[in-house]
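The values are calculated or read from the model by the stated rules, or taken from the named source; none is laboratory data. Only a predicted model underlies this, so the values are computations on that prediction, with no experimental measurement involved. Note that we place each Cβ from the backbone using ideal geometry, even for glycine, and neighbour counts take in every protein chain shown. Note: areas computed on protein heavy atoms with side chains; ligands, DNA, RNA excluded. Shrake-Rupley method; radii C 1.70, N 1.55, O 1.52, S 1.80 Å.
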Amino acid sequence: MHKQNTLTRRTFLAAPLLLAPGVFAQPGRRGAGDRVVTGHIGVGARGRALLERVRHGAAAVCDVDEDHLAEGAALVGAGVRVYRDYRELLEQPDIDAVIIATPDHWHALQAVHACEAGKDVYIETPACRVFEEAEAILRAAAWYGRVAHVGASGPRSAAAAFLRKRMRDGALGPLRRVSCWGAANPEGGDPAGNRRAPATLDWDRWIGPSRWMPYNPDRSHGNWRWLFDIGGGNARQQGAELLQTALEALGAPHTGKVTVSAQGAAPSAGFWDCPTTLEATWSFSGGAAEQAGASTIHWRQPGPDDASTAGLLSEGEIETLRLDRCGDQWRVEGQDDGAHEDADPVGRWLDAVRAGRRGADAELETACRAAALATLANVAWRLGRPVTYDLDTGGYGGDTQAERLMRAPGRGPYRL
Amino acid sequence: MSRRLKRCVLKGARQTCFLAVLLALVVLSPAAQEAAPSLDDCVAEFGRALLDAEPARVRDARREMEALVFAAGARDAASDPGTLCDALMRLLESLTDEARAVDVPLEDEALRSAPYGGKMPPLLSIFAFPEAARQAAARARIDQARRDLMFWISLVIDEGRAAALAPHLNDSALGEETISALARVGGESAGRVLIEALKTAPAPLRLSVIRTLGTCGIRDAVPALTTIARGEDGEARWCAVDALSVLGVPGTAVFPLDPRTPPSLAARYAASCLRAALVLGDRGERRDAERLIERFVDLNARRHQICAALLGLSRLGSTAVTRHALGFIGTPGVRATAIDVIVADCAPGVEDTLIKAYPVTDPSMQAAILEVLTRRQSPRAPGLLQQALNASHAEVRVAAARLQGLDPVEADLWPLAERGAPWIRHDALRLFLELAWRRAAAGQKDVAREQFIAVLQGRFPPEARREALNGLERLADAATRPVLERWARDPDVAEAATCALVAIISVAPDDEEARGELLELARTTPHEAAASAAVTALAARGADVAPLVRQQGYITDWRVLGPFPNDAAALAALDAALGHAPPRTAAVPRVARPADPPATVSHEGAEFVWRDVHAAGLPAVVDIEAVFGPYTQAAAYGFAKVAQAQRCSAVIHLVRDDPITIWVNGKQVYESGGSRGLDAPQERVHITLETGWNCFLVRVLQDAGPWGYGIRLTDRQGAPIDLEAQAMPDDGMAGIGVTRDALRPVLSGDAP
């Protein structure tokens, strides 16, 4: 019943010439004009931080929580329009672009609808949950020619660029191992907290395309990150960004097969269901990863030491490079010359919108795939067995349960 | 027998019957007799655990069930997944019977939101309908269990047995989960069930079925969906149109658009045509896709849809793309895409067509043709560009200059910025401002000033005027002051104008007048950036800016304690020692006098003493690293008191690096991991300030890098709570906010 992707995944990026880098950056070439009028879907903590960044251009905010909506509107000031339904915001003709900072389970649906409505899109990391959602985002961005970026600072940081350059230059030598790490997931979630949702929160819309679950403060704001179906724990919250960095350093293998195995400890208390500790391995066969000399990426939670909450280590025969995330900064160990300025994902996206660099590109593809690969690790842990995914055909090698767990069929009107 | 007693007896009887049936199933069923004991035990235990609702028991039972489900799904599974599926289906039936037996006169919506854990829904007063409330809670618990069970069944059930899920499609509590389960299972059988459900499912679920048929790509559903799309049911009709488009069937193939159709639905119709065309294109059905897109381009569609259609034609390599695109060169919002697709058009004769059209077309089209030829690297482009530098129309001259990397003639820019076509106006204005900035950098301040003022006074969008004001701020020319004071009253650009004024005053000689102006601005301006700039300028002149910072709502005077190791158990003990209750859910009694922490704290044999710290700058940040030195994996506490004349709602604006926990008056109000950085407040926490003293206790952990925090208080509308107005230094606790005379009666007897 489900469509197997019989066309190559390159179809979405195959629009010839239109997407060649640099075409839109030529002198005299302008896209949307200087001012980018933004709409903001999701103005919780992270959404408001992004809203601060583009406050002058913000014309509308949307949230299903009245308190968040009021705070977001107060941040922008008089004249901002407020919406409870993001589809009404997308209907506004004066809005050029939207920033999506809702929980993960909403990202794909809202991004696709935004592209269909002719809006450029900035999606907070992780971009999506499963491969189906990744393909939908890529397809929509390509079809409708929209600028779609994922807000991951790590892969675009100067530190990551330094890593990619060293690897391309062969300074590390043949790669032996690439490993990433993130913080352990907490335990928690008190089922006694199940109750009617506050009158200020539209819980049905908050749950949206996810499976129905009763309202509980330990499932909503902030705590959804520790739910398997929504946040996927730090394997996806932190891992997606790190995986993207690792994949880009390895030449972004989007062909061949990947086998994921994972072990971890289940929570011993509460209803949060992401593993508290996790060790996972993605092994790529075929594609660019093998050519780069390392076809395996390792993941662990918690990390190897206390120096950082998240990071990446590339071990080559000649040299080893370590990237650490400290707060909002990414640093390369041993590089203290101060040249590693932090990336500004929102600024890059706005520049791309103004320059009209439309369509799905390799960066978006890697970001979306990395998020889905992170979910695959969670699924492998849950199943207790390795899972193999074919990046070309979208098949799971006959593992029906893995395939079904990696589907996100939606709920009610909230379906892709 | 009273009605109530009768109900209790019936309930008890039903539960006993359920357990007996379950036990019978376990003992007597052939599958159970043949399968390993653990399967039946697990299923039976799961059923009992759900009825019990004890959290740990439910979690453990659920985990064991999951282990069985996932083991059954392994390719080399020892047990037959069908056996487990049967057991789960039987349990589902049992729970369904149990749910039906619960007599609750409530609508489904109330049931869905009824508490799972047994708390009373507010609709039902415990005093009025106690039994009904308990029934509602029980029913909600059973329904959620049924939904969970449906999810697990979808992981085990064979594709060919999907029809077994059909009866649950009509269940209002289980319908949506069943549709999702069928979508998850996939296969022909599930597809047939969903198609059949179009006839039988209740109205709200029918829409979900329609949508699922589309998203799952079930082409066998096209006839049924077409019938619905041609029907009278409004929402179902348009859902079917959307679903058909995903299957590659456009709205035009189903029904012609009625001219009386409302614009929003007409746009939906057009979108369905476009979507279908793009699906056909991806499927390789090029001719159909091309025909559909060409027809679509002629419709009165929205601009972004026309762009998508042109891109679609380009992707298909259509020979008609340039012909269509040329028709949209003059359409704002489509022009850029039209130019792109012509550039990418590989069909022969494109450049000949453009060269022929160039002399006889309007200036905007000429500018577009120049751009296309340049980007295509046509050998005829250089000659045309050279000619175009002397063209009679400014738009063509400017385009030719830009395409050759030359600076346009300045005299051409201003008229285009004011009165040019929409796509050239922004460019011309941008170029004009760039020139002004270059003049400013080259020291030609008078000319630059005039140019910035011209933009400021022109009919341009606020962002352009803000950029001009930024330019004037950089010049910091006192001659522009009258202009800036006028624009400081315009709400669109007031902040930029005020910042520019601050810049002018900051470079003025350091005298009383300048200080007075900066002080006045810092106190009265509502713009944070301008206030911050004024405070910074005052601090540079050696002024005491602490009162101003407090006036902005920042808590400046803290006491910090530490450093402690970042160990959960040790920190929990410290939290208790400091007199604050960490758990959110713990009941915290309202205290007339807030709990001051002890002056010294003992921890693992060492004595720790509070240290006074002043949070400086804007935002006012407590730099813990400066106090204790660099640490990793450490923790520190901060304490401050704020007085309030009367109870009010407030908002904490928080900067922090790294994870933080905040207590206000002994109650934990916020806890968050990670780091947001110390540059600007990025988190907000709603709190209530009580009459009198309010204690703030903060625990900040250190991962690596910077270590600190800052708290600013505003009201719900964002206006700062003037902490300076609350402060008066005479209470003996140096550095801690105290009260003015007006607050003394409120705080009498509360001396710290």
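Among the residues in region B:50-58, are any aliphatic (A, V, I, L, M), open to solvent by 30 Å² or more (accessible area, probe 1.4 Å) and either at pLDDT 85 or above or under 22 Å from B:L174 (Cβ atoms) (or both)? Explain how you work it out, then say what you get.
Here is the first cut: in region B:50-58, the residues aliphatic (A, V, I, L, M) are B:50-51, B:53, B:56, B:58.
Still in the list and also open to solvent by 30 Å² or more (accessible area, probe 1.4 Å): B:51, B:53, B:56.
Remaining after also requiring either at pLDDT 85 or above or under 22 Å from B:L174 (Cβ atoms) (or both): B:51, B:53.
Yes, because at least one residue in region B:50-58 is aliphatic (A, V, I, L, M), open to solvent by 30 Å² or more (accessible area, probe 1.4 Å) and either at pLDDT 85 or above or under 22 Å from B:L174 (Cβ atoms) (or both).
Scan the strands (runs of 3 or more DSSP E) fully inside region A:86-173 and keep the ones with 3 or more residues being within 14 Å of another protein chain (Cβ to nearest Cβ).
Hits in region A:86-173: A:120-124.
From the list A:A49, A:A59, pick out the single residue that is open to solvent by less than 40 Å² (accessible area, probe 1.4 Å), more than 14 Å from A:Q110 (Cβ to Cβ), more than 10 Å from chain B (Cβ to nearest Cβ) and small (G, A, S).
Details: A:A49 fails: more than 10 Å from chain B (Cβ to nearest Cβ).
Residue meeting the stated conditions: A:A59.
Quick check on my filter: what residues within region A:248-274 are modelled with pLDDT of 90 or more and within 18 Å of the chain's Cα centre (by Cα)?
Listed by number, the list holds a single entry, A:C274.
Listed here are the residues, each with its yes/no results for (1) of a type in the set (F, W, Y); (2) within 30 Å of B:R449 (Cα to Cα); (3) assigned to a loop (DSSP other than H, G, I, E, B).
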{"position": "B:D510", "(1), (2), (3)": "no, yes, yes"}
{"position": "B:A514", "(1), (2), (3)": "no, yes, no"}
{"position": "B:L521", "(1), (2), (3)": "no, yes, no"}
{"position": "B:A531", "(1), (2), (3)": "no, yes, no"}
{"position": "B:V549", "(1), (2), (3)": "no, no, no"}
{"position": "B:L561", "(1), (2), (3)": "no, no, no"}
{"position": "B:L571", "(1), (2), (3)": "no, no, no"}
{"position": "B:A576", "(1), (2), (3)": "no, no, no"}
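Report yes if some residue within region A:184-207 is farther than 30 Å from A:D85 by Cβ, touching a residue at least 40 places away in the same chain (Cβ under 8 Å) and crowded, with 23+ Cβ neighbours inside 10 Å; otherwise report no.
yes
If you take the residues in region A:379-409 that are over 16 Å from B:L155 (Cα atoms) and open to solvent by less than 20 Å² (accessible area, probe 1.4 Å), which one is farthest from the other protein chains (Cβ to nearest Cβ)?
Checked region A:379-409; the qualifying residue farthest from the other protein chains (Cβ to nearest Cβ) is A:L391.
Can B:I369 be described as aliphatic (A, V, I, L, M), outside any loop (DSSP other than H, G, I, E, B) and crowded, with 21+ Cβ neighbours inside 10 Å?
For B:I369, the condition - aliphatic (A, V, I, L, M), outside any loop (DSSP other than H, G, I, E, B) and crowded, with 21+ Cβ neighbours inside 10 Å - is met.
Could we say that B:R161 is assigned to a helix (DSSP H, G or I) and more than 20 Å from B:E188 (Cα to Cα) here? Quick ask: steps written out before the conclusion?
Working: assigned to a helix (DSSP H, G or I): yes; more than 20 Å from B:E188 (Cα to Cα): no.
So B:R161 fails the test.
Every residue in region B:420-447 that is within 17 Å of B:R459 (Cβ to Cβ) and either touching a Cys at 6+ places or on another chain (Cβ under 7 Å) or among the β-branched types (V, I, T) (or both), please.
Selection gives B:I424 alone.
Which residue pairs have Cβ atoms closer than 8 Å, lie 6 or more positions apart in sequence or on different chains, and pair a first residue in region B:51-70 that is at the interface with chain A (Cβ under 9 Å from one of its Cβ atoms) with a second residue that is β-branched (V, I, T) and surrounded by 17 or more Cβ atoms within 10 Å (Cβ to Cβ)?
Matching pairs, first to second residue: B:V69/B:V156.
Of all the residues that make up region B:336-358, how many are open to solvent by 20 Å² or more (accessible area, probe 1.4 Å), assigned to a helix (DSSP H, G or I) and not hydroxyl-bearing (S, T, Y)?
The total comes to 7.
When you look at B:V249, is it outside any loop (DSSP other than H, G, I, E, B) and not hydroxyl-bearing (S, T, Y), yes or no? Give the steps one after another, and end with the answer.
Working: outside any loop (DSSP other than H, G, I, E, B): no; not hydroxyl-bearing (S, T, Y): yes.
In short, no.
Could you list, in sequence order, all residues of region B:271-284 that are more than 9 Å from chain A (Cβ to nearest Cβ) and either under 29 Å from the mean Cα position of the chain (by Cα) or open to solvent by less than 10 Å² (accessible area, probe 1.4 Å) (or both)?
B:S272, B:C273, B:A276, B:A277, listed by residue number.
Just wondering, is there one or more residues in region A:223-242 that are open to solvent by 10 Å² or more (accessible area, probe 1.4 Å), among the basic types (K, R), within 11 Å of another protein chain (Cβ to nearest Cβ) and more than 15 Å from the chain's Cα centre (by Cα)?
Among the residues of region A:223-242, not one is open to solvent by 10 Å² or more (accessible area, probe 1.4 Å), among the basic types (K, R), within 11 Å of another protein chain (Cβ to nearest Cβ) and more than 15 Å from the chain's Cα centre (by Cα), which makes the answer no.
Go through (1) touching a helix residue (DSSP H, G or I) at 6+ places or on another chain (Cβ under 8 Å); (2) over 27 Å from A:A370 (Cα atoms) and name the single condition A:A184 misses.
The single condition A:A184 does not satisfy is (2).
Just to be sure, is B:I218 without any contact (Cβ under 8 Å) to a residue 60 or more places away in the chain and crowded, with 23+ Cβ neighbours inside 10 Å? Give the steps one after another, and end with the answer.
Numbers: without any contact (Cβ under 8 Å) to a residue 60 or more places away in the chain: yes; crowded, with 23+ Cβ neighbours inside 10 Å: yes.
For B:I218, the condition - without any contact (Cβ under 8 Å) to a residue 60 or more places away in the chain and crowded, with 23+ Cβ neighbours inside 10 Å - is met.
Determine whether B:G638 is at positive phi and not acidic (D, E).
On the way: at positive phi: no; not acidic (D, E): yes.
Considered against the rule, which asks whether it is at positive phi and not acidic (D, E), B:G638 comes out as no.
Which residue, of B:R206, B:R211, B:R192, B:R219, is of a type in the set (K, R) and at the interface with chain A (Cβ under 7 Å from one of its Cβ atoms)? Give the derivation first.
On the way: B:R206 fails: at the interface with chain A (Cβ under 7 Å from one of its Cβ atoms); B:R192 fails: at the interface with chain A (Cβ under 7 Å from one of its Cβ atoms); B:R219 fails: at the interface with chain A (Cβ under 7 Å from one of its Cβ atoms).
Answer to the selection: B:R211.
Exactly one condition in (1) touching a residue at least 40 places away in the same chain (Cβ under 8 Å); (2) within 12 Å of chain A (Cβ to nearest Cβ) is not met by B:E395; state its number.
Unmet condition: (1).
Based on this model, can you work out whether B:A133 counts as over 16 Å from A:R404 (Cα atoms), more than 8 Å from chain A (Cβ to nearest Cβ), crowded, with 18+ Cβ neighbours inside 10 Å and at pLDDT below 85? Please lay out each step first, then the result.
Details: over 16 Å from A:R404 (Cα atoms): yes; more than 8 Å from chain A (Cβ to nearest Cβ): yes; crowded, with 18+ Cβ neighbours inside 10 Å: yes; at pLDDT below 85: yes.
Yes.
Has region B:441-454 got any residue that is open to solvent by 60 Å² or more (accessible area, probe 1.4 Å), assigned to a helix (DSSP H, G or I), within 30 Å of B:A543 (Cβ to Cβ) and not aliphatic (A, V, I, L, M)? Write out each step before concluding.
Pass one, region B:441-454, residues open to solvent by 60 Å² or more (accessible area, probe 1.4 Å): B:441-442, B:444-447, B:450.
Filter once more, keeping what is assigned to a helix (DSSP H, G or I): B:441, B:445-447, B:450.
Filter again for within 30 Å of B:A543 (Cβ to Cβ), leaving B:445.
Pick out the ones that are also not aliphatic (A, V, I, L, M) and you get B:445.
The answer is yes; a qualifying residue exists.
Can you pull out every residue in region B:478-491 that is open to solvent by 40 Å² or more (accessible area, probe 1.4 Å) and among the charged types (D, E, K, R)? Steps first, answer last, please.
Of region B:478-491, the ones open to solvent by 40 Å² or more (accessible area, probe 1.4 Å) are B:478-479, B:481-482, B:485-486, B:489, B:491.
Scanning region B:478-491 gives B:R481, B:E485, B:R486, B:R489.
Filter region B:596-618 down to residues that are of a type in the set (V, I, T) and open to solvent by less than 40 Å² (accessible area, probe 1.4 Å) and give me whichever is nearest to B:L561 (Cα to Cα). Before the answer, list the steps.
Pass one, region B:596-618, residues of a type in the set (V, I, T): B:600-601, B:609, B:613.
Imposing the further condition that a residue be open to solvent by less than 40 Å² (accessible area, probe 1.4 Å) reduces the set to B:601, B:613.
Numbers: B:V601: 9, B:V613: 10 Å.
Among those residues, the one meeting the criterion is B:V601.
Restricting to region A:278-291, give me the number of residues that are open to solvent by 40 Å² or more (accessible area, probe 1.4 Å) and either within 14 Å of chain B (Cβ to nearest Cβ) or modelled with pLDDT under 95 (or both). Before the answer, list the steps.
Looking only at region A:278-291, we keep the residues that are open to solvent by 40 Å² or more (accessible area, probe 1.4 Å), and these are A:279, A:283, A:285, A:290-291.
Retained after the next criterion (residues that are either within 14 Å of chain B (Cβ to nearest Cβ) or modelled with pLDDT under 95 (or both)): A:283, A:285, A:290-291.
Going through region A:278-291 one residue at a time, the tally reaches 4.
Out of curiosity, is A:R139 over 28 Å from A:G311 (Cα atoms), in contact with a Phe, Trp or Tyr (Cβ under 6 Å, 6 or more places away or on another chain) and open to solvent by 40 Å² or more (accessible area, probe 1.4 Å)? Don't jump to the end; show me each part of the working.
Numbers: over 28 Å from A:G311 (Cα atoms): yes; in contact with a Phe, Trp or Tyr (Cβ under 6 Å, 6 or more places away or on another chain): yes; open to solvent by 40 Å² or more (accessible area, probe 1.4 Å): yes.
Answer is yes for this residue.
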